[in-house]
Amino acid sequence: MIDISGLVFRDLAIQKLRIPPGHTAVIGPNGCGKTTLLRLIAGLLTPSAGTISIDGCNTGEIEAGFVNEFPDRNILFYRVEDEITAPLRFRGISCRKTREMADAVIRQADLSHLTTRLSKQLSGGEKTLVALLTAVVPSPRILILDEFDSHLDQESISLSLDIIEHSGAEYVIQCTQNMDLAARCDHVLYLSEGGLELAGTPEEVFSRLKRTCFYPGLWRIRDGT
Amino acid sequence: MELEFMDVLVERDRFLIRGSGRFTPGTHLVSGRVGSGKTTLAMIAAGLGKPDRGSVRRQGIGSAMLSMQFPEQHLTGSTLESEIASWHLDPDPVLALAGLSGREKDDPFSLSRGELKRLHLACIFSHPFDLLILDEPFSALDCREKMATADRIGSIRAGITIIFTHENQHLPRVDHLWEIREGALVSLGGVPEALVGWKNKPAVLAELHKRGVYPKNLSTADILEAACRTHD
């Protein structure tokens, strides 16, 4: 369980929040603190006050994969192959084992065609897919994805969900503006300018957002509204 | 006024895209999968890239603008104020349009990506252009801003607007639909007739079609009206 208590960082304040294992969507208007919350959970930011613990551990003590909302900020290396294998090489894992682990992830995703490319040749969506593969290759316990789907078409989103599912991550926390995607997650957190407003299952959260544009489009068709 | 792709072909490593077609005044939507060449075509349409074969003919187009997929790639100013000034615009109304009033001294990179996109689009929409090319204008925006952006695009009354996007829910009304299929730019025709033949249509549209309901166009209002008809 991810436990957040008395959290304060700049404008973001969350008194109490428990995020169970599974796939959690973080939704809300632009600028309401979604990215800040994700970066705090990933251990990339330190709260001004309060605590975040993940299964009793501090953030930063847990292996986390992170995909940035700016695709170019994910990519460090000239060749895609070097990018995907980098997290393993940084850990000093042997070349043979690195190759095996990276190949397994790439083959499962059926994205071998990207590995021979140069990073600068990739489209925005392809950069996102490479960033996702790079994030999952060390098998993190927690996977944090900041609006990566905004660069993807529907088929690529489905492919990404397969990659995420096969990653084995216990916690997947994904910020998204695709409400149909959020509706497929196990849990949804709705942040507004005033902080955390709603948390629960998709049914619980979206039932409170029915009169807003945050209600999933596919549910509107289902409901005939 | 017209933009014409004449047997255009671009080849990059494993990537190939070819196509011919005329873009006339009105709103055009071009969809395609990740890596299918949308951005490459957008660059060529804007005159910022050249095809390996074929040519692009522009007739009666005096001013052209490409809004790039990533707003950070447009940045030249170190504050919101200087960024807006670099577009030869008065900061105050643009900041108000972007919902960022009072933040003129902030670093653009202190904004969230959605806020940065809003700032960039506010600059774009403050100028009239004969040819406006929008590469993924809805990415990173929340649903309210997507609808506002769709409204702004829909209110453009002159010139050629080409939107390259895979946005699946909040779109403007469009006049002509195009799709990139297996390396080829295909004209699907005018909307609503073209919606039937749209292969990689948005999930919401696919769900409506499955239920035998066809919206009149792609705007949120059109989709909501069609959603109501599913229960008639």
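Just the residues that are more than 14 Å from every other protein chain (Cβ to nearest Cβ) and at positive phi, please, taken from the stretch A:28-82.
Residues satisfying the conditions are A:Gly43, A:Gly50, A:Asp55, A:Gly56, A:Gly60.
Mind listing whichever residues of the stretch B:210-224 are under 23 Å from B:Ile163 (Cα atoms) and more than 9 Å from chain A (Cβ to nearest Cβ)?
Once the filter is applied, which keeps residues that are under 23 Å from B:Ile163 (Cα atoms) and more than 9 Å from chain A (Cβ to nearest Cβ), the stretch B:210-224 yields B:Tyr214, B:Pro215, B:Lys216, B:Asn217, B:Leu218, B:Ser219, B:Ala221, B:Asp222.
I need the full set of residues from the stretch B:187-200 which are of a type in the set (D, E, K, R) and more than 14 Å from chain A (Cβ to nearest Cβ), in order please.
Result: B:Glu193, single match.
Answer with yes or no whether A:Ala135 is of a type outside the set (Phe, Trp, Tyr), touching a Gly at 6+ places or on another chain (Cβ under 7 Å) and under 30 Å from B:Ile180 (Cα atoms).
When the stated conditions are applied, A:Ala135 passes them.
Quick one: how many residues across the stretch A:48-64 are buried (at least 19 other Cβ atoms within 10 Å of the Cβ) and at pLDDT 95 or above?
2
Hey, can you tell me all the residues within the stretch B:51-90 that are charged (D, E, K, R) and either out of contact with any Leu (no Cβ under 7 Å at 6 or more places or on another chain) or assigned to a loop (DSSP other than H, G, I, E, B) (or both)?
Once the filter is applied, which keeps residues that are charged (D, E, K, R) and either out of contact with any Leu (no Cβ under 7 Å at 6 or more places or on another chain) or assigned to a loop (DSSP other than H, G, I, E, B) (or both), the stretch B:51-90 yields B:Asp52, B:Arg57, B:Glu81, B:Asp90.
Report, by residue number, each residue of the stretch A:172-187 that is part of a loop (DSSP other than H, G, I, E, B), surrounded by fewer than 22 Cβ atoms within 10 Å (Cβ to Cβ) and within 14 Å of another protein chain (Cβ to nearest Cβ).
A:Thr176, A:Ala183, A:Arg184
Restricting attention to the stretch B:118-164, which residues are aromatic (Phe, Trp, Tyr) and touching a residue at least 60 places away in the same chain (Cβ under 8 Å)?
B:Phe129, B:Phe164
Would you check if there is a residue in the stretch B:164-186 being part of a helix (DSSP H, G or I), within 13 Å of another protein chain (Cβ to nearest Cβ) and aliphatic (A, V, I, L, M)?
Taking every residue of the stretch B:164-186 in turn, none turns out to be part of a helix (DSSP H, G or I), within 13 Å of another protein chain (Cβ to nearest Cβ) and aliphatic (A, V, I, L, M).
Where residues in the stretch B:1-45 are assigned to a loop (DSSP other than H, G, I, E, B) and modelled with pLDDT under 95, which of them is nearest to the other protein chains (Cβ to nearest Cβ)?
B:Val34
Could you list all residues from the stretch B:119-149 that are under 15 Å from the mean Cα position of the chain (by Cα), closer than 24 Å to B:Gly32 by Cα and part of a helix (DSSP H, G or I)?
Selection gives B:His120, B:Leu121, B:Ile124, B:Glu145, B:Lys146, B:Met147, B:Ala148, B:Thr149.
Would you pick out the residues in the stretch A:143-158 that are closer than 18 Å to A:Thr24 by Cα and either surrounded by fewer than 23 Cβ atoms within 10 Å (Cβ to Cβ) or facing chain B (nearest Cβ under 10 Å) (or both)?
Residues satisfying the conditions are A:Asp146, A:Glu147, A:Asp149, A:Ser150, A:Ile157, A:Ser158.
On the given criteria, is A:Leu191 at pLDDT 95 or above and either within 14 Å of another protein chain (Cβ to nearest Cβ) or assigned to a helix (DSSP H, G or I) (or both)?
yes
The values are calculated or read from the model by the stated rules, or taken from the named source; none is laboratory data. Please read these numbers as outputs of a predicted model, since none were measured by experiment. Don't worry about glycine lacking a Cβ; one is built from the backbone with ideal geometry, like all the others, and counts go over all protein chains shown.
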